[in-house]
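Mind having a look at this structure? Questions to follow.
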Amino acid sequence: MKQSDESSKRRELVELAGLLAPGHGYNPTALAGVRILRTEAILRDVPVLYKPGAVFVLQGRKQGVLEGEVYLYDEEHYLAVSVPVPFRMESSASAERPLLAVYLEFDMLLAAEIASDLGARQSGAATGKVRSLTSSRMEPMIEDVLLRLLRALSDPVELAVLGAGILRELHYRVLVGPQGGAVISALQQQGISGRIVRSLARLREAYNSEISVAALAREAGMSVPSYHVHFKALTGSSPMQYLKAMRLHEARLMIARHDGTIAEVAASVGYASAAQFSRDFKRHFRRTASEEAKWVRQHLGELI
């Protein structure tokens, strides 16, 4: 009977997600920070850079690779992202069985509030080592809150009354899950890893400006060699590789949204040379900027 209930729950999750995501790519929802992805394509070795949050695959399969480590997020596992890091992704789907996934971008103030409340009520409880990515098994309580979330998104009255509370509960379930310690540690920004997390936030704010590793290391209170070691341990990249990936992903968004010419986009993300930008872009995405923009709109939709 229990197995039958679980199968029924999964079928409803997939059905609701399919109705809420009629278009290819990312479908926005009425809740800020929640999108639903529908794709029928088999994707291989795609560079991605997720913001902090979680990805719940309801049908299909995805996996990410960072520094040789594989992170599975499929119908049995979900991915939590503590800090944004560039990694490579692949996914399996088909026209008969499209991939459907719920993307939650953390409300950082809400997540920090919950983390603080958890810390106050669980004094002495260890949080955990900061990890950029964590794959965890999809627990029944996560499925329950996802089901209530999708039901609410399908009903404007229910969404208005219950939506904010369900979204808060989803944040809570991630923070008390197996990967919650890593996420909370990133939010608390303590210790050496916390200094690197703060440095990533600094890069995010000023990615299109002139930035030196020496200045970043000085702000983090570390020597340049020590900063390099700890930065790569958390992100899998050197500081300059990370900065380049961030610039290129921002440029990709802008190009897909028709936010200017290639030269204008290159300059806006911090490139002095449009030619160098084009070389770096093709090396990273394995397509020219115009080819990538077409690919993004085909596979990810207009909203990315």
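So what are the radius of gyration and Dmax for the Cα set of segment 2-186, in Å?
Here Rg and the maximum Cα pair distance are 16.0, 50 Å.
Provide Rg and Dmax in Å for segment 1-78, with only Cα atoms included in the calculation.
Answer for segment 1-78, Rg first and Dmax second: 14.1, 42 Å.
Normalised by the empirical 2.2 N^0.38 Å for globular proteins, what value does the Cα Rg of segment 128-233 take? Mind showing how you got there, number by number?
Working: Rg = 18.7 Å, N = 106, 2.2 N^0.38 = 12.9 Å.
Ratio of Cα Rg to 2.2 N^0.38 Å: 1.44.
Now a separate question. Along the Cα→Cβ direction, 7 angstrom out, place labels at ARG198 and LEU109. What is the inter-label distance in nm?
Here the modelled spin labels are 2.2 nm apart.
OK, next. What's log10 of I(q)/I(0) for segment 180-233 at q = 0.20, 0.26 Å⁻¹, Debye sum over Cα points only, no solvent?
Summing over Cα pairs of segment 180-233 leads to -0.69, -1.04.
Pairs of lysine in the chain with Cα under 15 Å and at least 8 positions apart or on different chains: total?
Final tally of qualifying lysine pairs is 4.
Every number here is computed from the coordinates shown, using simple stated rules; none is lab data. What you see is a predicted model, and the numbers here were worked out from it, not measured in a lab. Note that we place each Cβ from the backbone using ideal geometry, even for glycine, and neighbour counts take in every protein chain shown.
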